Amino acid sequence: MDKKNITERLVKTKYLLESMIGIIIIITIISTYVLVRFNQVSNTVLSLSNQLNSLENKFASTTSDLRTNINKNHDALTTAINQEQQNVGNIEQKLGNYSQQVGDVSNTVSTLQKLSKTDPELLIKYSKVFFLNENYAPSRLSEIPEQYKYSNTKILKINSQVLPYLQRMIEDAKNANNLLYVYSAFRSFNEQKSLKGQYSIVYGSGSANSFSADQGYSEHQLGTTIDFITPGLGGNLDGFDTTESYKWLLNNAYRYGYILSYPKNNKFYVFEPWHWRFIGIKLATDLHNQGKSFYDMDQRDIDEYLVSVFD
Ligand SMILES: [Zn+2]
C-alpha cells in the first residue's frame, strides 16, 4: 500500500469519525431536548390535572353550597309563608272579634232603644217606703173593654201595652171556668187622694192606712195594676182569697206577667188577694219559680228585667 492511499484512508476515517461524533452529539442534543420537553410537558399535564381536580373540588363545594343555600332559602321562604298565614289568621280573628264587637254594640244599641221606650217606673217598688211623683201618669192608657169590667158605670183605663196581657189572662181564666172581672184599674194621684179621703171617713184613718195606699204610694197610679172581683162575693173584694179564681191566679198569673203585690204576711200592706200588678212575664216567672215576692227583691235586681218587661 502506498503512502498516499494510507493518507487518503486516514483522512476518510477521520472524516467518518468526525461525522459520527457530530451525529452522536446531535442525537444527544436532540435526546436531551426531547427529554427536557417531555419533562416539561409532563409537569404541565400534572399541573393541569391538579388544577382540574381543584376545579372539580371547587365545583363540588360550590354545588353543595348552592344546595345548602337553596335549602336555607326554602326554609326561610316556608317560615315566611307560615308567618304570613299566621298573620292572615290573626287578621281574620281580629276581624271576627271586630264583627263580634260590632254585633255587641248593635245589641247594646237595640237594648238601649228598647229601654228608652220603656217606662222605668213600671218596675219600681211603690209602698210606704218608695213613692211615686204626684205628676206621674202613664204615657198611654187604653179603656178596658166592657166585657172585662165588673160594672159599666165608670170608665176603667190601663196602660195600653199591658192591656193585651190582661185580656189573655182573663180569657184563659174564663176558659178554665174561673171568672175574673176588673173592679179597679188605673187611678190618678188625685183619684187616689179622694179615694183615700173616703176610706178615712168611713173607716177612720188608722185602718184606712193599712189597706189603701196613700196617694203617691199606690201601684194603681202606674196603670199596670188591677183589682179583680168575681161573682158570688156580693160585689165585695173581701173573700176573694176563698175563690177558685184567686187560686187560678196564684197558679197562672205569672204566665201573663202578673204578680200578687201584697201576699199574706207581707211587710208593706195587709194581704190584698185581689190586687195584681203587671211586671212582665220573665220577672213574674222567675219570682214564681223561686217562691219570692216582688217587694222582697232588691230594686237593682228588679231593674235588670226592665228591658224584657214586654217580651
Ligand atoms: Zn189595688
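What follows is calculated from the coordinates using simple rules that are stated; it is not laboratory data. Bear in mind the structure is a predicted one, so any value in this text is a computation, not a measurement. All Cβ positions, glycine included, derive from the backbone under ideal geometry; neighbour counts span all protein chains shown.
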Fill in the blank from the handout: Once amide hydrogens are built 1.01 Å from N within the peptide plane, the residues lying 5 or more places from Asn159 or on another chain with amide H under 5 Å from its amide H are Ser142, Thr224
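What does the charge count around Tyr98 come to, taking other residues whose C-beta lies under 15 Å from its C-beta (Lys +1, Arg +1, Asp -1, Glu -1)?
Details: positive: Lys94; negative: Glu92, Asp104.
Net local charge, Tyr98 excluded: -1.
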Handout entry: Hz values of 3J(HN,Hα) by residue in region 163-173 - Karplus curve (6.51, -1.76, 1.60), Gly and Pro given as x
Key = 3, x, 5, 5, 4, 4, 5, 5, 5, 5, 5
Practice task
Using a 10 Å cut-off on Cβ atoms, rank the peptides 221-228, 87-94 from the highest mean neighbour count down.
Solution key: 221-228, 87-94
Fill in the blank from the handout: Expected unfolding gain across Lys267-Asn39 under the 0.36 nm per residue rule, minus the alpha-carbon gap, is 69.0 nm
Practice task
Only helical DSSP H runs with n ≥ 4 go in: add -39500 (n - 2.57) per run for the chain, normalise by residue count and round the 222 nm mean residue ellipticity to 500 deg cm²/dmol.
Solution key: -19500 deg cm²/dmol
Completion exercise
Expressed in Å to one decimal, the Kirkwood Rh of the chain from all distinct alpha-carbon pairs is 28.3
Practice task
Taking only Cα atoms and a 10 Å spring cutoff, compute GNM fluctuations for the chain and point out the largest among Ser19, Ser293, Ser139.
Solution key: Ser19
Practice task
Give me the distance between the Cα centres of region 32-70 and region 125-166, rounded to whole Å.
Solution key: 113
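Per 0.36 nm of contour for each residue apart, how much would the distance between Ser49 and Tyr98 grow if the chain were fully extended, relative to their Cα-Cα spacing? It would help to have the intermediate numbers written out before the result.
Numbers: separation 49, 0.36 × 49 = 17.64 nm, distance 7.14 nm.
Taking 0.36 nm per residue and subtracting the Cα distance, the gain is 10.5 nm.
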Fill in the blank from the handout: Log entry: pair-distance distribution for region 1-117, C-alpha pairs binned every 5 Å from zero, whole % per bin is 3, 7, 6, 5, 5, 5, 4, 5, 4, 5, 4, 4, 3, 4, 3, 3, 3, 3, 3, 3, 2, 2, 2, 2, 2, 2, 1, 1, 1, 1, 1, 0, 0, 0
Fill in the blank from the handout: The helix 3-116 Cα axis meets the longest alpha-carbon principal axis of the chain at an angle in degrees, between 0 and 90 and rounded to 10, of 0
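Calculate the all-directions average of the projected area of region 50-134's alpha-carbon convex hull, and give it in nm².
Numbers: hull surface 40.5 nm².
Reported value for the Cα convex hull: 10.1 nm².
Ranked by Cβ crowding within 10 angstrom, fewest neighbours first, how are Leu16, Leu156, Leu249 ordered?
Numbers: Leu16 10, Leu156 22, Leu249 25.
So the ranking, lowest neighbour count to highest, is Leu16, Leu156, Leu249.
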